[in-house]
Amino acid sequence: MSFSSNTKAELCRDFINKKCCALAEACGVLLYSSAVSTEQIRIVTENPEFANRLPNLFNRAFHVEFDERQNAAKSTFLIRDREKIQTIFRAIGYSPSDSVTLHVNYGLLEKECCIRSFLRGAFLSGGSVTDPEKRYHLELSTNHHKVSRETYSLLLEQGFSPKDTLRNGCSILYFKQSEAIEDFLAFLGAPIASMGIMEAKIEKEMKNKINRIVNCDNANTSKVVEAAQTQIAAIRTLRERGQYESLPEKLKQTAELREQNPEANLSELASLFDPPLTKSALNHRLRKLTELAAEE
Ligand SMILES: [Zn+2]
């Protein structure tokens, strides 16, 4: 099951209770369905929970039953009966003789419970949310452009700030930020999905942090190795030139320990002296060796 279908399943667990909310939710479903006209109402979904909810929802909202239900990979719900379509249009405040385009009837959305229900219906019908492990994206898509603009205003009033775009003739409102998606899902009534977004984000941040530490360690390790190689090359040069034997005892001892411990970092190497050296004293001696080797 995809993250999106789990989210819809969670939303559908919410019992259809108040008549006002049933009407608002059904309105969201219709306005976010692609095929709504005076000829027919067709709602298509691949989500089984939403498919189970739809007949009850329409019954509660409009006292209307679907004329036909086709079950395949997707479920299709059809109403062709003119009278039923009239009843539904009247209930959502849409009269085809006055207006050619569908629009959001704000009169149905005066209470917060109803706004929530409307947006839930819109999401169940025309929405999707991407698995947060892949990326953060939630969208509401409808081919009724006026509806999209009105939903945009509705979301703004609720404190959400979606982005909008057009894709394949559909108006799309979307969120790309994890916090906005968390808040929106929680508002719709899907706290588990909201938590899922939050958890995915924490996990990602953790992974990034670990990667940073590992990369940083690698970078340090390679610096240590590089420095040691330079020092060992310098010691070899001094030997080849016959300068080694005449070095002060302190430098000879340092050269010897460096050659024997090519992978030790500064503090590890310093601790091998008896008594141990400070890092700065050791650093000073190693620098001296490379400087001598660099002299002609
Ligand atoms: Zn309500």
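List pairs: first residue in region 84-112 and closer than 26 Å to Glu68 by Cα, second residue in a loop (DSSP other than H, G, I, E, B) and β-branched (Val, Ile, Thr) anywhere in the structure, Cβ distance under 7 angstrom, at least six positions apart or on different chains.
Correct list of pairs: Lys84/Val64; Ile85/Thr38; Thr87/Val64; Ile88/Val64; Pro96/Thr38.
One line per residue, one yes/no per condition, for (1) over 30 Å from Glu133 (Cα atoms); (2) out of contact with any His (no Cβ under 8 Å at 6 or more places or on another chain); (3) of a type outside the set (A, V, I, L, M, F, W, C); (4) at pLDDT 90 or above:
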site: Asn208; (1), (2), (3), (4): no, yes, yes, no
site: Ile213; (1), (2), (3), (4): no, yes, no, no
site: Ala233; (1), (2), (3), (4): yes, yes, no, yes
site: Arg236; (1), (2), (3), (4): yes, yes, yes, yes
site: Glu240; (1), (2), (3), (4): yes, yes, yes, yes
site: Pro248; (1), (2), (3), (4): yes, yes, yes, yes
site: Gln253; (1), (2), (3), (4): yes, yes, yes, yes
site: Glu256; (1), (2), (3), (4): yes, yes, yes, yes
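Of these, Cys170, Cys113, which one is touching a Cys at 6+ places or on another chain (Cβ under 6 Å) and either of a type in the set (A, V, I, L, M) or surrounded by fewer than 20 Cβ atoms within 10 Å (Cβ to Cβ) (or both)?
Only one candidate qualifies: Cys113.
Sort through Arg135, Arg167 and tell me the only one that's within 30 Å of Lys207 (Cα to Cα) and within 22 Å of the chain's Cα centre (by Cα).
Within the list Arg135, Arg167, the selection yields Arg135.
For region 13-26, give me each residue that is away from the ligand (no atom under 11 Å from the Cβ) and closer than 14 Å to Ala122 by Cβ.
Ala26
Exactly one condition in (1) surrounded by 20 or more Cβ atoms within 10 Å (Cβ to Cβ); (2) β-branched (Val, Ile, Thr); (3) away from the ligand (no atom under 16 Å from the Cβ) is not met by Thr76; state its number.
Every condition holds for Thr76 apart from (1).
Would you check if there is a residue in region 97-108 being within 16 Å of the ligand (Cβ to nearest atom) and of a type in the set (Phe, Trp, Tyr)?
Yes, that holds for at least one residue.
Can you name every residue in region 109-120 that is aliphatic (A, V, I, L, M) and within 11 Å of the ligand (Cβ to nearest atom)?
Leu109, Ile115
The values are calculated or read from the model by the stated rules, or taken from the named source; none is laboratory data. As the structure is a computational prediction, the values presented were derived from the model and not from experiment. All Cβ positions, even for glycine, are placed from backbone atoms using ideal geometry, and neighbour counts span all protein chains on display.
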